[in-house]
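Trainee: Pasting a structure here, questions to come.
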């Protein structure tokens, strides 16, 4: 059986029933998916990578990345995570340091602190921990961005004092 290289848009071409449990792929373009830990797989230890890794199984330990970590809906991570970009749809127990951006999809559950200059949180995601907004160089940043997605207008949900007084 030949293993097809992963790359942008390639993961949808694979039959979910025939995906390898954890197979590093042939070298791909920077940012392409280079490894996949499928549901039912369990790993423990230190994971370091340069490109993009998706985890739908269980991982315990420490994760360091120069690019992107994707935690799928069935992913269960018990680890300290340090990555350029982190996208979470599953469960993470441990601290997350996202150098560029952290994205929590509606099915995400994070039990730990998050440190990032840009945090995107969909309605339904859960964070039990502190959020520290920093600049990419690690300094506190006045312009750090927090974005809520899918919950409607935040001003309508929490009107300002002026708006309440006008009513």
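The values are calculated or read from the model by the stated rules, or taken from the named source; none is laboratory data. No experiment lies behind these values; they were computed from the predicted model shown. Note that we place each Cβ from the backbone using ideal geometry, even for glycine, and neighbour counts take in every protein chain shown.
Trainee: Which of the residues belonging to segment 77-98 are assigned to a strand (DSSP E or B) and more than 12 Å from the chain's Cα centre (by Cα)?
Mentor: 78, 79, 80, 93
Trainee: Check 46, 106 and return the single one that is part of a loop (DSSP other than H, G, I, E, B), out of contact with any helix residue (DSSP H, G or I) (no Cβ under 8 Å at 6 or more places or on another chain) and surrounded by fewer than 17 Cβ atoms within 10 Å (Cβ to Cβ). Walk me through it before giving the result.
Mentor: Details: 46 fails: part of a loop (DSSP other than H, G, I, E, B).
Sole residue among the options that is part of a loop (DSSP other than H, G, I, E, B), out of contact with any helix residue (DSSP H, G or I) (no Cβ under 8 Å at 6 or more places or on another chain) and surrounded by fewer than 17 Cβ atoms within 10 Å (Cβ to Cβ): 106.
Trainee: Hey, any hits in segment 54-77 for a residue that's surrounded by 19 or more Cβ atoms within 10 Å (Cβ to Cβ), more than 21 Å from residue 124 (Cβ to Cβ), at pLDDT below 95 and in contact with a helix residue (DSSP H, G or I) (Cβ under 6 Å, 6 or more places away or on another chain)?
Mentor: no
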